[in-house]
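The next block holds one structure in the form of structure tokens; read it before the comments.
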Amino acid sequence: MGAVDQWAEIRAGLPDSWSEARLAFVPEGDASRAAVILAPLAPGRVGDELRIDVTRSASGAERMRNVLGRLDERRVWGTLRLLDSSTETAHAPVAPVAPVERPTSSLAESWDALRAELPPDWSDVLCQLDLDSSDHIPRAALLGAPLNPTRVPGEIAVRFRASGTDGYGTSPVMVRRCLERMDAEGLTGRISVVLGLSGTNHAVTQGPVWRVAGRSV
């Protein structure tokens, strides 16, 4: 059974009042490969077990299903199980509290952190830059022109390829330089890995080709 179907069964068994759930995915093969695909869900790792938190919100549940669908598309099989869940509870109204500003990482720093989580032998990744405002899209496309970015239909985001070795894909150094330019102009957002490969051999090719939503990328 694929990861999407396992998630559907788990979700159906949760109580009506569930608000958050913690899951564990144990891949049958290399856990590092599964971790790259699950990167948008920010999984934690305990040995070969990848742990994921999901909220009941429509966006949280849909994001969970979409990312798990990538596991099935890449034929990364494994067992998904529920570790624990929490339910919504009623709270007495409290006085409003002034928001606390928290430091946020720049896009360049986020790229550094993402690279640190990739396997040592990573060779190709398809990344997504989710921007905080649609107004950022034109400027991000211009400042990130060396990334050859493409729009993501229905989302305030662009995607680009990066290569850790050679072939088609922007070098990690150039990716960081483009993101530094966006930081300098106040563009904000989040970077995640959509798809990734390790140790590819680009013999007589420019690198691997992925199929996403029926299109080659």
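All of GLY69, GLY47 fail the test of being modelled with pLDDT under 85, outside the structural domain of GLU185 (by TED's automatic domain parsing) and over 23 Å from THR188 (Cβ atoms), apart from GLY47.
One residue stands out in the stretch 128-160 among those that are surrounded by fewer than 14 Cβ atoms within 10 Å (Cβ to Cβ) and of a type in the set (D, E, K, R): the one that is farthest from SER198 (Cα to Cα), namely ASP135. Give the residue that is farthest from ALA145 (Cα to Cα), with candidates limited to residues of the stretch 161-188 that are touching a strand residue (DSSP E or B) at 6+ places or on another chain (Cβ under 6 Å) and surrounded by 20 or more Cβ atoms within 10 Å (Cβ to Cβ). For the stretch 161-188, the residue satisfying everything is GLY164.
The set of residues from the stretch 150-172 being in a strand (DSSP E or B) and either under 15 Å from LEU129 (Cβ atoms) or not assigned by TED's automatic domain parsing to the domain that holds SER192 (or both) comprises THR150, ARG151, ALA157, VAL158, ARG159, PHE160, ARG161, ALA162, THR170.
Selection over the stretch 18-63 of residues that are buried (at least 17 other Cβ atoms within 10 Å of the Cβ) and under 18 Å from ALA8 (Cβ atoms) gives a count of 9.
The values are calculated or read from the model by the stated rules, or taken from the named source; none is laboratory data. Because the structure is predicted, anything quoted here is derived from the model rather than measured. Every residue, glycine as well, gets a Cβ built from its backbone with ideal geometry; the counts of neighbours run over all protein chains shown.
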